[in-house]
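Data block below; observations after.
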Amino acid sequence: MKLGVVVTTYNSPTWLEKVLYGYENQTDKDFQVIVADDGSGPDTKKVISDFQRRGKLEITHEWQKDEGFQKTKILNQCVRNSDCDYLVFTDGDCIPRFDYIDQHKRMAKPGFFVSGGLYRLSKPVSDLVTEDAISSRQVFNFDFLRSIGQPSDLKRLKLGQSNRLARLLNFITPTKATWNGGNTGCWRSDVVAVNGFDERMQYGGLDREMGERMMNNGIKGIQARYSVITLHLDHKRGYENAESWAKNRSIRDEVKRQNKTWTEFGMQKR
């Protein structure tokens, strides 16, 4: 199975750098990174070039001109140009735990997508995360995070590395397995079968909408929010607004009402 990780980013080079350190330190090295860049400037390009020169990762940089929030468009470009069998979708603010690729591969099954989890870091702690903390794996230890200011809550259980406990927590959680663009693995062919992402969608549920069409097409979700983990770096979201949420909600309601599996506004334009 050829696996690619699609990492979305927009003008957040410091966060992207920390995320790419996470991929450099994976236990399973057999994967490629596809950076889905929604129009970032030269600082982001430099980060990617620096990691390409380091030679520890196979990185492809997919870029499009900055025309506002067009995440779905660059994601479709990545899917269209990829030759991978399996794609993991995540964001440039999500540091993968060292077993991230291994866990995604272990849980991948035909006819299913894998719905992973994230643990949210506070903004001060996000700023303090270093390359050394990532490569030493300290940053995935809650005692270390608490020592640099991370508040304690029950969600810290996501940081546990016991597969047995993770399977139990995946089983008993009331949260459904949803298609979340921050941490979901699926077969490329299943994305193509529903014509990818709807390019009308702005911020707010754009990933869920495609996942809902995939489920209408017979694909089911595997709950892995305690097994396949990323650390989410905190930041402001200047692109979030009530209008985009309302527009996206309307599109999702239509998908549900009509049991749609295909969008006319996706990878292929009919």
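Here, each number is a calculation from the coordinates, and none is a lab measurement. Everything numeric in this text was worked out from a predicted model, so none of it was measured. Glycine also receives a Cβ, built like all others from the backbone with ideal geometry; neighbour counts cover every protein chain displayed.
If you wrap the Cα atoms of segment 14-100 in a convex hull and average its projected area over all directions, you get 5.6 nm². What is the Cα centroid distance between segment 1-48 and segment 180-195, reported in whole angstrom? Segment 1-48 and segment 180-195 have Cα centres separated by 18 Å.
Please identify the trypsin sites (Lys or Arg not before Pro) of segment 41-105 that satisfy two criteria: DSSP loop assignment and at most 11 other Cβ atoms within 10 Å. Which are they?
Details: sites: Lys45, Lys46, Arg53, Arg54, Lys56, Lys65, Lys71, Lys73, Arg80, Arg97, Lys105; in loops: Lys56, Lys65, Arg97.
Hits after loop and neighbour filter: Lys65.
Whole-Hz Karplus values for segment 66-83 come out as 6, 10, x, 5, 10, 4, 4, 5, 5, 5, 4, 4, 5, 5, 4, 8, 7, 10 Hz, taken residue by residue from phi with 6.51 cos²θ - 1.76 cosθ + 1.60 and θ = phi - 60°; glycine and proline positions read x. A DSSP coil position with no more than 13 other Cβ atoms inside 10 Å describes none of the chymotrypsin sites (Phe, Trp or Tyr not before Pro) in segment 49-98.
Kirkwood radius for the chain, taken over all pairs of different Cα atoms as the inverse mean of 1/r, rounds to 18.8 Å. Approximating the spin labels as points 7 Å out from Cα along Cα→Cβ, the Met1-to-Lys256 distance works out to 3.0 nm. In summary, the lysines within cross-link reach of Lys123, defined as a Cα separation below 16 angstrom excluding same-chain residues under 8 places away, comprise Lys18, Lys236.
Within segment 3-258, what percent of beta bridges assigned by DSSP are antiparallel, to the nearest 5? The antiparallel proportion sits near 30 percent.
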